[in-house]
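Right, one structure below, let's go through it.
We did not get these values from a lab; they are worked out from the coordinates using the rules stated. The structure displayed is predicted, hence computed values, not measured ones. Backbone-built Cβ (ideal geometry, glycine too); neighbour counts: all protein chains shown.
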Amino acid sequence: MPRERLSNRRESQNVTFWHAGREYTARVSFYPDGRLAEVFLDNGKVGSDAQVNCRDAAVAMSLLLQHGCAAGDVARSLSRTESGEAESAIGALLDLLSAQASNDN
């Protein structure tokens, strides 16, 4: 599927959450139909492995979304604990966004 690009100007929302004892800040954008389209993720630990990993995961997630992968499909494919909780920050963000979307419906 070809990349579905976003408009240069688009609404986004900031989301702050905690995962594995660290605070993360995400900026997410949606397509006009409500689908998740883009994710930026940071944990404020400048230059740390955790910051690099979460930022790179967000870039990869954004490209997956823009090429037609559903956020829920990606979330179900990411690492989980035995109790089903996301092991990564990007997984925790996707779970949080999914829960918010369920509450909105």
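General observations
- Restricting region 76-95 to residues that are of a type in the set (A, V, I, L, M) and under 20 Å from ASN14 (Cβ atoms), the residue that is surrounded by the most Cβ atoms within 10 Å (Cβ to Cβ): LEU93
- Figure legend. Inter-residue proximity from region 91-105: first residues touching a residue at least 40 places away in the same chain (Cβ under 8 Å), second residues among the acidic types (Asp, Glu) and surrounded by 10 or more Cβ atoms within 10 Å (Cβ to Cβ), beta-carbon distance below 8 Å, spacing 6+ or different chains. Indicated pairs: ALA92/GLU85.
- Sole exception among (1) assigned to a helix (DSSP H, G or I); (2) surrounded by 15 or more Cβ atoms within 10 Å (Cβ to Cβ) for ASP73, by number: (2)
Matching residues to (1) in contact (Cβ under 8 Å) with a residue 12 or more places away in the chain; (2) surrounded by 11 or more Cβ atoms within 10 Å (Cβ to Cβ); (3) not in a loop (DSSP other than H, G, I, E, B):
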| position | (1), (2), (3) |
| --- | --- |
| ARG5 | yes, no, no |
| ASN8 | no, no, no |
| VAL15 | yes, yes, yes |
| VAL28 | yes, yes, yes |
| GLY47 | no, no, no |
| GLN51 | no, yes, yes |
| ARG55 | yes, yes, yes |
| VAL59 | no, yes, yes |
| CYS69 | no, yes, no |
